[in-house]
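Here the structure is laid out as structure tokens; the discussion comes afterwards.
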Amino acid sequence: MRILVIEPSGISRKLLAALLTDFGHDVVTASTGQEALSLIHGDDDLNVILTSLEVPGHSGFEICWEARTVTKKRPLYIIAMSSSHDDSKLSEVLDSGADDYISKPPPPEQLQARLRAAERLLSVQRELIHLATYDQLSKLHNRRSFFENAEDWINGSRGDKCVSLVMLDIDHFKRVNDTYGHTAGDAAIKTIGEVLIETKGFAARLGGEEFALLLRDIMPTELYGFAEGLRSRIAAKPILGGGHTFSVTASLGAVHHKPGMLINHLIKAADVALYEAKRSGRDKVVLSNLGGSESQGLEMVAAS
């Protein structure tokens, strides 16, 4: 595990770091609250925080609160340590977000046992997060994860990067299930998932046979060519399922994100373009040019 040790005493900090390294962990250290918070904000690989309650600049209680706020979407185990024997501190630090409490300096055997418990709990938490985030059939993000992260994903793109959204729907999916069986339908979903996983971007299965793909670094003039290439790859991909080998086609709606465009406008534009692709014959790409607000309407550009 990657462990952050927050301890103002240089000697204690070095001893703890050496002990944890001997246990087989990857260790980073901080001596002040500001240094600790900087690491918590900037290091997404942290699994465990081992923090003293007596820290210059910020108390251990504040660090626990801040760590919980920053790491809401990833598992983190926090162990507080103090040389104080005040039982009220135990209650307060657990209420502040810590998972465990140990005396300082921590006895090596007790610390190692607590870290084993932390590893077990973190493993369970990671699995629960995975189940809540990913669609088990396609191996893509699920609908909930897409809508929770789409806006952050777009906002996380630097201003010099282009962002686009492609939505796609498997054509005549009911016919696949009726002709080859639901096992074949599942195989089709898995195959689309494989194609999208191979494609750089943030891909999700929104439900049924509908998928979404957020992209960076695709210029507006390149968006149709990219989407058309994706459509061609899907159509050419053999699918094995239900004792049959077959293929499917997909209809795609694509839109380029414009500055100030809200995520719901982006999704609506791509969805309307997708509907137009299906209405006008399926197995094609339709580009949507959406203005900054719904009142400006849609300008459709279809390409087969």
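The values are calculated or read from the model by the stated rules, or taken from the named source; none is laboratory data. Quick caveat, the model's predicted, so the values are computed rather than measured. Positions of Cβ are generated from backbone atoms using ideal geometry, with glycine treated the same way; all protein chains shown enter the neighbour counts.
The rows are residues; the columns are (1) within 29 Å of HIS130 (Cα to Cα); (2) crowded, with 18+ Cβ neighbours inside 10 Å.
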residue	(1), (2)
PRO8	no, no
SER31	no, yes
SER52	no, yes
ARG68	yes, no
LYS72	yes, no
SER103	no, no
ALA113	yes, no
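Residues that are assigned by TED's automatic domain parsing to the domain that holds HIS244, basic (Lys, Arg), over 22 Å from LEU240 (Cα atoms) and surrounded by 14 or more Cβ atoms within 10 Å (Cβ to Cβ) do occur in the range 211-218, at least one of them. Only residues that are of a type in the set (Ser, Thr, Tyr), over 16 Å from the mean Cα position of the chain (by Cα) and modelled with pLDDT under 80 were counted in the range 138-166, giving 0. Residues in the range 1-21 that are assigned to a helix (DSSP H, G or I) and among the β-branched types (Val, Ile, Thr): ILE11, THR21. For the criterion of being assigned by TED's automatic domain parsing to the domain that holds GLY260, surrounded by 14 or more Cβ atoms within 10 Å (Cβ to Cβ), more than 17 Å from the chain's Cα centre (by Cα) and in contact (Cβ under 8 Å) with a residue 40 or more places away in the chain, GLY185 passes.
The number of residues in the range 55-98 that are of a type in the set (Asp, Glu) and within 18 Å of GLU7 (Cβ to Cβ) comes to 2. Only residues that are modelled with pLDDT of 95 or more, touching a Leu at 6+ places or on another chain (Cβ under 8 Å) and either of a type in the set (Ser, Thr, Tyr) or surrounded by fewer than 21 Cβ atoms within 10 Å (Cβ to Cβ) (or both) were counted in the range 191-201, giving 3. Is there a residue being in contact with a His (Cβ under 7 Å, 6 or more places away or on another chain), in a helix (DSSP H, G or I) and surrounded by 15 or more Cβ atoms within 10 Å (Cβ to Cβ) anywhere in the range 116-137? Within the range 116-137, one or more residues are in contact with a His (Cβ under 7 Å, 6 or more places away or on another chain), in a helix (DSSP H, G or I) and surrounded by 15 or more Cβ atoms within 10 Å (Cβ to Cβ).
Here is a yes/no grid of residues against (1) among the aliphatic types (A, V, I, L, M); (2) touching a residue at least 24 places away in the same chain (Cβ under 8 Å):
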residue	(1), (2)
SER96	no, yes
LEU128	yes, no
GLN136	no, no
ASN177	no, no
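When you scan the range 150-164, do you find a residue that is loosely packed, with under 13 Cβ neighbours inside 10 Å and assigned to a helix (DSSP H, G or I), even just one? Taking every residue of the range 150-164 in turn, at least one turns out to be loosely packed, with under 13 Cβ neighbours inside 10 Å and assigned to a helix (DSSP H, G or I).
For the range 36-50, the set of residues classified as closer than 21 Å to GLU119 by Cα and surrounded by fewer than 19 Cβ atoms within 10 Å (Cβ to Cβ) consists of LEU39, ASP43, ASP44, ASP45, listed by residue number.
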